[in-house]
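**Student:** Mind having a look at this structure? Questions to follow.
Readers should treat all values here as calculations from the given coordinates under stated rules, not as data from a laboratory. Only a predicted model underlies this, so the values are computations on that prediction, with no experimental measurement involved. Here the Cβ positions follow ideal geometry from the backbone for every residue, glycine too, while neighbour counts run over all protein chains shown.
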Amino acid sequence: MTDAYIVGVDMIKFGRFPDKTVPQIGAQAALMALDDCGLSIQHMQALYCGNLGQASGMVGQRLLQEIGQTGMPVVNVANACATGATAFREAWASVKAGLYDVVLAVGVEQMGKGLLGGGGAKTGIPKEGLIGSGTMPAVFAEAGMEHARHYGTTFEQFAKVSVKNHHHSTLNPKAMYQIETPLEEVMNAEMISYPNTKLMCSVNVDGSAAAVICSEKKARELGLMDRAIKVRASVLASDPWQERDLVMPDVNSCTQKAAKEAYEMAGLGPEDIDLIELHDCFATAEILHYGNLGICKQEDAGRMIDDGEVALGGRIPVNVSGGLLSKGHPLGATGIANIYEVSTHLRNEAGSRQVEGAKIGLTHVIGLGSACAIHVLERAQ
């Protein structure tokens, strides 16, 4: 099996584009990633396209109608919030296995407004109003309150996650919002589901991101190793069976399982990671995942945010892009957008938000239901 490298990667500035179609949005990022490595669509041997909202609409094929139909195989992927990361992983696996030498992975989404998960079940006993809420703000509010019950995490500590990530966003020109949100403003914002206020919830936006993945042999042949990023680990996990109360969804075990496998595959530990882009769909989620990813004990998560260890300039910066809270969360694109952010730091091209000396980074996304994808990336030697 060959090593696989990211040789081209980019994302559009997240926002709202009602005048564009999903394939048009996806095509924009695809062309940007191709330009990043100086290749064309004719060089690509396969396309893996992640999209959730139009999963049955053959978005990958429609995307190629925008930029060039070469007859290559196209795989369309849908896997909740892990959709983009899953498309990337399928692309990586095809190169790793020697099936192809160079492939393209694209994640794209056009989002509406409102609460995620608010549609409710179509049949059977509805959860809403009986055994808890099926909306994502409520699910992650419940998870945050469980963390508070066990470890004493406070409302203020959860809110500090939003303060940190919104500050980081002011350094990222591709974030949807680039604004400071002082602690009092976050805590006094409209309450969505305690302890998550409106400024502690991720932003529904339109967006796309793309990556070109290449075998080592092909990358050297094309002269693309100078900015290449090695994929040291790619893991996709679902929830293991366990005895527990099924009323409240488990938002922890899937990440814990994937993290353990990713560190083993990479031959590294949490102490070796220089920066992380994790799935901060809500401020409560980020604090939970500090422990789930092993960068601290669960009881130390609140202290991590208090002490600035996860801020830019801290011991292990988390969500320097601004995270989903301010960069935005276009479901199908988020996984590859996280990979773009970490790759940019490993290339030392992140400008004013650069994590100095970054050599190894980790990306994480979780789709409730469940699917968790983790990638460990390393600057090529």
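**Student:** Would you point out the residue of the stretch 182-200, among those that are under 16 Å from Asp306 (Cα atoms) and in contact (Cβ under 8 Å) with a residue 24 or more places away in the chain, that is surrounded by the most Cβ atoms within 10 Å (Cβ to Cβ)?
**Tutor:** In the first step, residues of the stretch 182-200 are kept if they are under 16 Å from Asp306 (Cα atoms); the result is 182-184, 186-187.
Filter again for in contact (Cβ under 8 Å) with a residue 24 or more places away in the chain, leaving 183, 186-187.
Working: Leu183: 12, Val186: 23, Met187: 20.
Only one residue fits best here, namely Val186.
**Student:** Report yes if Met32 is farther than 30 Å from Ser370 by Cβ and within 22 Å of the chain's Cα centre (by Cα), otherwise no. Talk me through it step by step, then tell me what you get.
**Tutor:** Details: farther than 30 Å from Ser370 by Cβ: yes; within 22 Å of the chain's Cα centre (by Cα): yes.
So Met32 fits the description; yes.
**Student:** Among the numbered criteria (1) touching a Phe, Trp or Tyr at 6+ places or on another chain (Cβ under 6 Å); (2) surrounded by fewer than 18 Cβ atoms within 10 Å (Cβ to Cβ); (3) among the acidic types (Asp, Glu), which single criterion is violated by Asp206?
**Tutor:** So the condition that Asp206 fails would be (2).
**Student:** Sticking with this structure for a sec: Just one of (1) touching a Leu at 6+ places or on another chain (Cβ under 9 Å); (2) more than 21 Å from Glu277 (Cβ to Cβ) trips up Leu183, so point out which.
**Tutor:** Condition not satisfied by Leu183: (1).
**Student:** I want to confirm something. Restricting to the stretch 338-359 and keeping residues that are touching a residue at least 24 places away in the same chain (Cβ under 8 Å) and in contact with a His (Cβ under 7 Å, 6 or more places away or on another chain), which single residue is surrounded by the fewest Cβ atoms within 10 Å (Cβ to Cβ)?
**Tutor:** Result: Arg353.
**Student:** Could I ask something else about it? Test Arg303 against the stated conditions and say whether it is outside any loop (DSSP other than H, G, I, E, B), surrounded by fewer than 24 Cβ atoms within 10 Å (Cβ to Cβ) and without any contact (Cβ under 8 Å) to a residue 12 or more places away in the chain.
**Tutor:** yes
Table: residues versus (1) in contact (Cβ under 8 Å) with a residue 60 or more places away in the chain; (2) small (Gly, Ala, Ser); (3) surrounded by fewer than 17 Cβ atoms within 10 Å (Cβ to Cβ).
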residue	(1), (2), (3)
Tyr5	yes, no, no
Asp10	yes, no, no
Lys20	yes, no, yes
Gln28	yes, no, no
Leu34	yes, no, no
Tyr48	no, no, no
Asn51	yes, no, no
Val59	no, no, no
Arg62	no, no, no
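**Student:** Considering (1) part of a loop (DSSP other than H, G, I, E, B); (2) in contact with a Ser or Thr (Cβ under 8 Å, 6 or more places away or on another chain); (3) of a type in the set (A, V, I, L, M, F, W, C), say which one Leu64 fails and leave the rest.
**Tutor:** In the conditions (1) part of a loop (DSSP other than H, G, I, E, B); (2) in contact with a Ser or Thr (Cβ under 8 Å, 6 or more places away or on another chain); (3) of a type in the set (A, V, I, L, M, F, W, C), Leu64 misses (1) alone.
**Student:** Would you be able to tell me the number of residues in the stretch 308-352 that are charged (D, E, K, R) and over 18 Å from the mean Cα position of the chain (by Cα)? Working first, answer last.
**Tutor:** We begin by selecting, within the stretch 308-352, every residue charged (D, E, K, R); these are 309, 315, 327, 341, 347, 349.
Within this subset, residues satisfying the condition of being over 18 Å from the mean Cα position of the chain (by Cα) are 309, 315, 347, 349.
The number of residues fulfilling the criteria is 4.
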